[in-house]
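Here the structure comes first, spelled out in structure tokens, and everything after it is commentary.
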Amino acid sequence: MSDSPLNSTTGLPRQTADSPGQPAGNSQPAQVDHRDANHREVATHVAIAGVGLIGGSIALALRNSGFTGSITGIGRNRQRLEAARQHGLIDRWTTDPAEAGATCDLFVFCTPVHKIVAGVRQAAAASQPGTLLTDAGSSKEELCTALRDGLPEGVTFIGAHPLAGSEKQGFEHASATLYHGRTCVLTPWPESPPAQCARLRRFWELLGMKVVERSPAEHDSALARTSHLPHVVAAALAATLSREDGQLAATGFRDTTRIASGDPELWQAILESNQPAVLAAVDRFQGELDRFRKALQDGDGPGLKKLLEDAKRNRDSFNIP
């Protein structure tokens, strides 16, 4: 049993700064291969706030990539965090973002978007210079603007959004391959340190992702149309079906409403945080619905067919992994 100080929140040995990935008191150097050395250029101690589907999949993918450093989970539910540790997703856990921020060199926030800013500020206040903080949130301009200034000297926040997920919740559904072949959007500001941008890009690439960069506003405008509006439409469609009609629902209804099963609290926060862009997308979609309605109301068969043909052509032009 290690004689190192115990983490006051978890009862696990507290990590020291000179031994990332190892409990305090363990002076045995880790065996490092070339792949591990590449990982250490990105991070040696990763903290993940929100060890659910997204955060849990990051942990699994990171391990699967050959990462041998330490992974700390942060959350509110001690029982769930301990279960995630026992399942091998994380090495240790805490309910205090500042405690994790004091020892990690890369911190990923996978919490609901309305909780990210406060969590980042709390962790950053305890972080050492050189620490990189990022997130996996679905909207960017509001939180990136809030975190553009005011962090400690040498501590950097750069927004990120891995375009992968599921309507399912919890680390039990986490997958080491969730991010393989998918796109991650980084949303740095012009003044974001280039070395930290490159480091964050490499982190997501290690998880198997293709990385692109957009401004926070560009990201939110695009995601309103490709992610947020589809959720609104799926939810609205699901709400129109009666229990009696549900007996006749098949694959078409299932496929178009699958994402409506997502966490309502999470999606409320996403939609509210990107309100202007989502409203613009809803208005544009309403215009398309009006065109379909008019063609049906007027008995305009050729017009209706053209709407369907145009939609098919547009959809078939996309290569979505």
Enumerate the helices in the chain for which the Kyte-Doolittle hydropathy averages 1.0 or more and the C-alpha atoms extend at least 30 Å along the helix's axis, using complete DSSP H runs. none
Hey, what D do you get for the stretch 278-321 in µm²/s if you plug the Kirkwood alpha-carbon radius into Stokes-Einstein at 10 °C and 1.306 mPa s? 137 µm²/s
Taking the chain, how many lysine pairs are there with alpha carbons less than 20 Å apart, if each pair must be eight or more places apart or span two chains? 5
Using only the alpha-carbon atoms of the stretch 219-316 as identical scatterers, what base-10 log of I(q)/I(0) does the Debye formula give at q = 0.13, 0.18, 0.23 Å⁻¹? -0.58, -1.04, -1.25
Cα gyration tensor, the stretch 110-175 - rounded (a/c under 1.5), prolate or oblate: prolate
If amide H atoms are modeled at 1.01 Å from N in the peptide plane, then the residues at a separation of 5 or more from CYS184, or on another chain, having amide H under 5 Å from its own are LEU163, LYS210, VAL211, VAL212
By how many nm would the segment from LYS312 to ASP149 lengthen if fully extended, with 0.36 nm per residue of separation less the alpha-carbon distance? 54.2 nm
Go ahead and estimate [θ] at 222 nm for the chain from helices alone: -39,500 (n - 2.57) per DSSP H run with n ≥ 4, summed, over the residue count, rounded to 500. -13500 deg cm²/dmol
For the stretch 34-214, what does the alpha-carbon gyration tensor say about shape, rounded, prolate or oblate, given a ≥ b ≥ c as the root eigenvalues, a/c under 1.5 as rounded, and a/b over b/c as prolate? rounded
Once every Cα of the chain carries one equal point scatterer and solvent is ignored, give the base-10 log of I(q)/I(0) from the Debye formula at q = 0.11, 0.15 Å⁻¹, two decimals. -0.74, -1.23
Could you tell me which of rounded, prolate or oblate describes the stretch 150-228, using a ≥ b ≥ c as the square roots of the eigenvalues of the alpha-carbon gyration tensor, with rounded for a/c under 1.5 and, failing that, prolate when a/b is larger than b/c and oblate otherwise? prolate
Relative contact order of the chain, please, whole-number percent, based on alpha carbon pairs below 8 angstrom and at least 6 residues apart. 14 percent
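Any read-out appearing in this document is the output of simple, stated calculations on the displayed coordinates, not a laboratory observation. Being a predicted model, the structure only gives us computed values, none of them experimental.
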